[in-house]
């Protein structure tokens, strides 16, 4: 009886060990390699983070995550509120979100999230009012005047994530004259650049037309560098 029990235990242990090894091989090695191989073969760009590269082949960012285009701080202790945008580039949506990383200050991160303020919140109203004023002032040139009614909503409000990489074609077109002036380029050439980087609705009816700011600015840099 004792020998039978021991033999049964050994057989069960052996079966469990074989099952563990087989499942580890299938689920931990074969399946991940197969999924990775298929992803690299069929969706290489997406599988590698939707990277955007410049003309020299250097990675400049991801098409899925918005970036800021600001001038360097004059003083390292300056707060983000006093940082000015670099007006030679197309500007993205505001990225209020949850602000910057304050937990692990070893890394300079932007945390994703919405402001969660209601439409009648006084602070939100002030943000939008100040942002609209800045958009009008920044984008008006000697030959082109921006009216407050020209400013689209995405120019003065952040997205739900706070890191939206896209802007509306209306906001991109509003910036054309300023970008052309700052880079000493013809307005028509910048308008063509915006048109080339405008993506329409998915399948013709889903979502809204959009312009990826990083892709647009990468093309602008290539144009500037000739």
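What does the C-alpha gyration tensor say about the overall shape of the chain? Classify as rounded when a/c is under 1.5, otherwise prolate if a/b is larger than b/c, or oblate. Verdict is prolate for the chain. Relative to the longest principal axis of the Cα atoms of the chain, the long axis of helix 187-196 makes an angle of roughly 20 degrees. For the residues 122, 113, 192, a GNM of the chain with alpha-carbon springs under 10 Å puts the largest fluctuation on 122.
Rounded to the nearest 10 degrees, the angle from helix 31-42 to the longest Cα principal axis of the chain is 30 degrees. Please work out whether the stretch 125-176 counts as rounded, prolate or oblate from its C-alpha gyration tensor, where a ≥ b ≥ c are the square roots of the eigenvalues and a/c under 1.5 means rounded, while otherwise a/b larger than b/c means prolate and anything else oblate? Cα axes put the stretch 125-176 in the oblate bin. Look at the alpha carbon pairs under 8 Å that are at least 6 residues apart: their mean separation over the length of the chain gives a relative contact order of 19 percent. Size check on the stretch 2-45: the Cα extents along the three principal axes, sorted descending, read 61, 8, 6 Å.
Mean sequence separation of contacting Cα pairs (under 8 Å, at least six apart), scaled by the length of the stretch 123-226, corresponds to a relative contact order of 23 percent.
Relative to the longest principal axis of the Cα atoms of the chain, helix 122-139 runs at roughly 60 degrees. Inter-label distance, residue 118 to residue 73: 3.5 nm, where each label sits 7 Å from its Cα along the C-beta direction.
Read the figures in this text as sums done on the coordinates, not as results from a lab. Keep in mind it's a predicted model, so treat the numbers as computed, not measured. Note that we place each Cβ from the backbone using ideal geometry, even for glycine, and neighbour counts take in every protein chain shown.
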